[in-house]
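Chemist: Just passing along the structure, written as structure tokens.
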Amino acid sequence: MASKKAIAPRDRTIGVLDLQGGVFEHLEHLRRLGIEGRSVKAAQDFEGLSGLILPGGESTCLSRLLRIFGLDAVIMQHFREGLKLWGTCAGAILLARTLTGEAPHLGLIDIEVERNSFGSQLDSFTGEALVPKVSAEPIPLTYIRAPKILKVGQGVEVLLRMEDFIAAAESPDVLVTVFHPELTGSLAFHRYFARKCGIEHRVTEWSEIPWEITSWTRFAKTR
Ligand code: GLN
């Protein structure tokens with residue numbers, strides 16, 4: 001008879017999948033919250049993680065790298081054992097159960113996502129919205145060749161609904177955002193995900209340093 005695998009104790013660390021895409025920016029936000037962050041490239045890097053962020057980047061590329069390194073199966077295994085997941089943009093595409101017109105990847109949250117739904121990279125834009133469950137303050141939103149969440153299934157709660165798409169949603173174990181909180185000064189979504197992982201943030205010397213990253217978002221058009 002197969003023995004049941006003991007559930008590994010989880011420490012208070014959040015990993016960021018480090019195969020391609022915006023890794024550093026997530027680690028920097030975690031550091032500002034006084035939360036232990038770790039770059040995750042190989043199976044052993046998952047040991048003891050409470051949560052894993054799948055960053056934005058390019059989902060076809062990310063999905064191929066996941067398969068080549070066998071990390072898709074590792075994510076599934078740790079997810080079954082209690083690992084919480086947050087996908088930003090391409091990460092959300094990887095986590096979706098349904099992708100319009102193409103086969104899904106990990107399929108760990110019951111949402112339907114349409115890739116590149118606003119157009120090309122040049123159709124990237126920024127905005128701002130109130131997401132009451134996440135913060136009392138309006139949250140800046142940066143969309144980069146973003147997908148749209150078209151619908152959510154049972155057990156998935158919409159956190160932010162825009163005119164004709166859903167921008168953020170969650171199930172008890174998975175958070176998805178089609179925008180990039182790590183490319184803004186806001187820590188609200190990182191704090192929210194940390195709580196979902198059972199981790200409280202603390203103030204450190206990093207918390208006080210102003211967020212002054214000058215980036216292409218200054219030049220992006222706002223819709
Ligand atoms: N357009 C990308 C894709 O389809 C996602 C872009 C992003 O992560 N900013 O994977």
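The values are calculated or read from the model by the stated rules, or taken from the named source; none is laboratory data. Worth saying up front: this structure is predicted, and the values here are computed from it rather than measured. In this analysis, Cβ positions are derived from the backbone assuming ideal geometry, glycine residues included, and neighbour counts consider all displayed protein chains. Protein only, heavy atoms only, side chains kept; ligands, DNA and RNA dropped before computing areas. Shrake-Rupley method; radii C 1.70, N 1.55, O 1.52, S 1.80 Å.
Chemist: Give me, ordered by chain and number, the residues 5 or more places off ARG38 or on other chains with an amide H under 5 Å from its own placed amide H.
Modeler: ILE14, GLY15, VAL16
Chemist: Rounded to the nearest 0.05, what FRET efficiency do THR98 and ASP173 have when you use their Cβ-Cβ distance and R0 = 25 Å?
Modeler: FRET efficiency, THR98 to ASP173: 0.90.
Chemist: Using a 1.4 Å probe over the heavy atoms of the protein chains, calculate the carbon and sulfur portion of the accessible area of the chain as a whole percent.
Modeler: Using a 1.4 Å probe with all protein chains present, the chain comes out at 53 percent carbon and sulfur.
Chemist: A further question on this structure: Can you work out the Karplus-derived ³J(HN,Hα) for every residue in region 122-136? Use 6.51 cos²θ - 1.76 cosθ + 1.60 with θ = phi - 60°, whole Hz, and x for glycine or proline.
Modeler: 5, 8, 6, 7, 10, x, 7, 7, 8, 10, x, 5, 9, 7, 7
Chemist: Are there any trypsin sites (Lys or Arg not before Pro) in region 127-156 that are in a DSSP loop and have at most 12 other Cβ atoms within 10 Å? List them by number.
Modeler: LYS133
Chemist: Label points 7 Å out from Cα along the Cβ direction at ASP164 and ARG195: separation in nm?
Modeler: According to this spin-label approximation, the distance is 3.3 nm.
Chemist: What FRET efficiency comes out for the pair ARG67/ARG12, r = Cβ-Cβ distance, R0 = 35 Å, nearest 0.05?
Modeler: Efficiency for this residue pair is about 0.70.
Chemist: Under 1.5 on a/c is rounded, so check that first for region 1-94, then, if it is not, pick prolate when a/b is larger than b/c and oblate when it is not; a ≥ b ≥ c are the square roots of the alpha carbon gyration tensor eigenvalues.
Modeler: Cα axes put region 1-94 in the oblate bin.
Chemist: If you look at just the Cα atoms of the chain, how large are its Rg and its Dmax in Å?
Modeler: Here Rg and the maximum Cα pair distance are 16.7, 61 Å.
Chemist: Give me the distance in nm between label points sitting 7 Å out from Cα along the Cα-to-Cβ direction at ASN116 and SER39, one decimal.
Modeler: Computed distance between label sites ASN116 and SER39 equals 2.9 nm.
Chemist: Okay, next question. Could you do me a favour and compute the accessible area per residue for the chain, 1.4 Å probe, result in Å²?
Modeler: Counting only protein heavy atoms, the per-residue value for the chain is 48 Å².
Chemist: What figure in square angstrom, to the nearest 10, would you give for the accessible area of LEU27 with a 1.4 Å probe?
Modeler: Answer for LEU27: close to 50 Å² accessible.
Chemist: Let me ask you something else. Packing-wise, with mean Cβ within 10 Å as the measure, how do 44-51, 63-70, 82-89, 164-171 rank, highest first?
Modeler: Descending mean neighbour count gives 82-89, 164-171, 44-51, 63-70.
Chemist: A further question on this structure: Please compute the modelled spin-label separation between ALA129 and ARG202, points set 7 Å along Cα→Cβ, answer in nm with one decimal.
Modeler: 3.4 nm
Chemist: Determine the sum of side-chain charges near LEU159: Lys and Arg each +1, Asp and Glu each -1, restricted to other residues whose C-beta is under 13 angstrom from that of LEU159.
Modeler: The answer is +1.
Chemist: Among the listed pairs LYS41/LYS151; LYS41/LYS84; LYS84/LYS148, give every one whose C-alpha distance is greater than 20 Å.
Modeler: LYS41/LYS151; LYS84/LYS148
Chemist: Just report the Cα centroid separation between region 52-94 and region 108-133, whole Å.
Modeler: 18 Å
Chemist: Calculate how many DSSP beta bridges within the chain are antiparallel, expressed in % of all such bridges and rounded to the nearest 5.
Modeler: Just about 45 percent of them are antiparallel.
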